Amino acid sequence: MSCAQLMIVSNTHECFQVLDLDLQTSKSMNRPTFRSISPILPVETLEFIFSHLERHELIPVLGSSSLFHNTASRVLYRAVTETSSVRAVQLIKTLASNNTYPKYVRFIDLDFANNIITANLLHLLRRVLQRVNLLTTLILDFSVTDNTADVAWIFEGCSFSLTSFTSSMRCDRSLARFLATQPRITELSLRGFDMVYDFELEPMALPKLEHFRTVMSCPDIIREVLKGRPVQSVSMSLHSGDVNTSLDSLLLSATAIKRLTVMSFESEPPITLLPLIADRLPQLEAFHLVVLMTNYTQEILLELSASLAQFKALKYLTFMAPSVPTSFNDERSIAEAWSKACPTLQTIILPKGLVWFQRDENWACLRDSEDWVRVSELLEE
């Protein structure tokens, strides 16, 4: 980034004021008129400026001039994000009727979880999806009622190529067929119902998938997504009765899983869960565990040391659980015990939310900006 760009970004509104003054200067003083703004500030620079405006600041710019409109619209419609169903519908109508805006869209995040949408709106959304050919990230959430039906038909006829896809729609044949048309997806998140509607992916589907997240307690879906694909990062839920089956699914990835996030609804303590994970994923580098159904004491947490000793490459560990009455010194002793059992550990986050890391052979707590820098460096290694 050049010094000139930094000066522009430092005070966007001041830059606009300078432009306004230029526009109001008379031609007799040989000052630039509106038509000569483009050579002075290239379109790329204007777009850079506009990218630092909030949405409510950017909308008025659209009506200021044709030059500003064309440039600002690229920024405004690059990411289509709405949690308000009313505004989301308005956006969909605009993109469905305008021939210019859809080509700017790279990111769509629409939330209809609290509304039941009509067939007409789905057809309108389908039309939009067929027009946003350069879309790379798509997030769609529907209501429980809508997710009981086949919604994935809205992807028929789409030509975009996604790198990230997130949706609450049910896992069925239609969704599987759509995913088979998206070979560039590296991040996939399925957060629909546990019920599976004949969800079977083609063997060659999702060849570049690296990150998979699901909140469903459905080993069949985890197994179907991971099987033969280079998934390195998984976020999943564990429920009683499905623990071993779900964990076995992790072995189907074509590459070793390095990062695992588990939300456990299991009533059994982690002292039984950790060995199950360590046996399957001894080379795990990052493990984040959130336990919701079991209470813990400092003594129980200290007992987990023996289980952590089975991990051979674990660097980052997070453990969150309810009702852990630990003090600051208690957490320090836990971090020290865990690091002795698992010497590869670099950072530990315990129930108080404090970040512990090793400094000068001792375990310190994240307290000041210097510590933040140190932890950031560790996470980037």
- Residues Asp150, Asp198, Asp220, Asp111: which one is of a type in the set (Asp, Glu), open to solvent by 20 Å² or more (accessible area, probe 1.4 Å) and closer than 22 Å to Ser84 by Cβ? Asp111
- Limited to the range 211-233, what total is found for residues that are assigned to a loop (DSSP other than H, G, I, E, B) and not β-branched (Val, Ile, Thr)? 8
- Item | Qualifying positions in the range 125-145 - surrounded by fewer than 19 Cβ atoms within 10 Å (Cβ to Cβ) and either of a type outside the set (Lys, Arg) or in contact (Cβ under 8 Å) with a residue 40 or more places away in the chain (or both) | Gln130, Asn133, Leu134, Thr136, Thr137, Ile139, Ser143, Val144, Thr145
- Message: On the basis of being open to solvent by less than 10 Å² (accessible area, probe 1.4 Å) and of a type in the set (Ser, Thr, Tyr), does Ser237 make the cut?
- Response: yes
- Would you check if Leu122 is of a type in the set (A, V, I, L, M), assigned by the TED database to the domain that holds Asn99 and either in contact with a strand residue (DSSP E or B) (Cβ under 8 Å, 6 or more places away or on another chain) or assigned to a helix (DSSP H, G or I) (or both)? yes
- Confirm whether Ile37 is closer than 27 Å to Ala79 by Cα, part of a helix (DSSP H, G or I) and at pLDDT below 80. yes
- Find the residue count for the range 185-206, including only residues that are within 17 Å of Arg229 (Cα to Cα) and either touching a Lys or Arg at 6+ places or on another chain (Cβ under 6 Å) or of a type in the set (Ser, Thr, Tyr) (or both). 3
- Item | the range 220-235 - residue that is in contact with an Asp or Glu (Cβ under 7 Å, 6 or more places away or on another chain) and at pLDDT 95 or above and, of those, farthest from Ser264 (Cα to Cα) | Pro230
- Task: Filter the range 94-103 down to residues that are of a type in the set (Ser, Thr, Tyr) and surrounded by fewer than 18 Cβ atoms within 10 Å (Cβ to Cβ) and give me whichever is farthest from the chain's Cα centre (by Cα).
- Result: Ser97
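The values are calculated or read from the model by the stated rules, or taken from the named source; none is laboratory data. What you see is a predicted model; the values in this text were computed from it and never measured. Glycine gets a Cβ as well: all are built from the backbone with ideal geometry, and neighbour counts include every protein chain shown. Accessible surface is based on the protein model in full, side chains and every heavy atom, while ligands, DNA and RNA are left aside. Shrake-Rupley method; radii C 1.70, N 1.55, O 1.52, S 1.80 Å.
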